[in-house]
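Peer 1: Let me give you the structure first, and then I'll get to my questions.
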Amino acid sequence: MPNRDYIQSVAYDLIKKYDTRDPFEICKATGVEVFYADLGNLKGMYKYLKKNRFAVINEKLDSYTKKLVCAHELGHDILHRDLAKQVCLQEFILYDMKSRPEYEANLFASEILIPDDEIFTYAHDGYDIEQIAKTLYTDINLVALKMAAMNSRGYQFINVMDTKSDFLRK
């Protein structure tokens, strides 16, 4: 199983190689086909089938959540392709921290979508985690996950809250 450093390194390499943090662009460049469908309560899913890689995103999600789900599914493609050969990875809850593959896909999404320097700058300027999330127009749980990962790399953010597993339920 990949560790935090590996996930951060892979995400950084993709960002650098394709000169973008847009998960839709990275999917296109790496051969992951993205489709939209009415998935009911399902946010998205990833499947590897006969050397074809698919991310399906619920068409009823808002544009921010579609981007987040795309980054998450891209994480499954990069980190869990062998697992996806056996089962379809489905997301009802994006921040499900009880499952290691889901945690890793969430961490990957945070690395793709949020630059370290932005977190560091806002934290250095005295912003708390909620203010950082609002400023970056992202979810507080994604910021918390990113800051915890940055702490593991030597940053010293204090009061990084626990991420919630059910914030995307509606």
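Peer 1: Going by how many other Cβ atoms sit within 10 Å of their own, how do 153, 4, 53 line up, fewest first?
Peer 2: 153, 4, 53
Peer 1: Given a Förster radius of 41 Å and the C-beta distance between residue 134 and residue 81 as r, what FRET efficiency does 1/(1 + (r/R0)^6) yield to the nearest 0.05?
Peer 2: 0.75
Peer 1: What ranking do 139, 5, 62 get, fewest neighbouring Cβ atoms within 10 angstrom at the top?
Peer 2: The most exposed by this proxy come first: 62, 5, 139.
Peer 1: Past the 25 Å Cα-Cα mark, which pairs from 17/134; 17/51; 28/51; 28/50; 17/67?
Peer 2: 17/134
Peer 1: Right, next: For a quick check: sort 10, 56 by the number of other beta carbons within 10 angstrom, fewest at the front.
Peer 2: Going from least to most buried by this count: 10, 56.
Just so you know, all these numbers are worked out from the coordinates, no wet-lab data involved. Quick caveat, the model's predicted, so the values are computed rather than measured. Every residue, glycine as well, gets a Cβ built from its backbone with ideal geometry; the counts of neighbours run over all protein chains shown.
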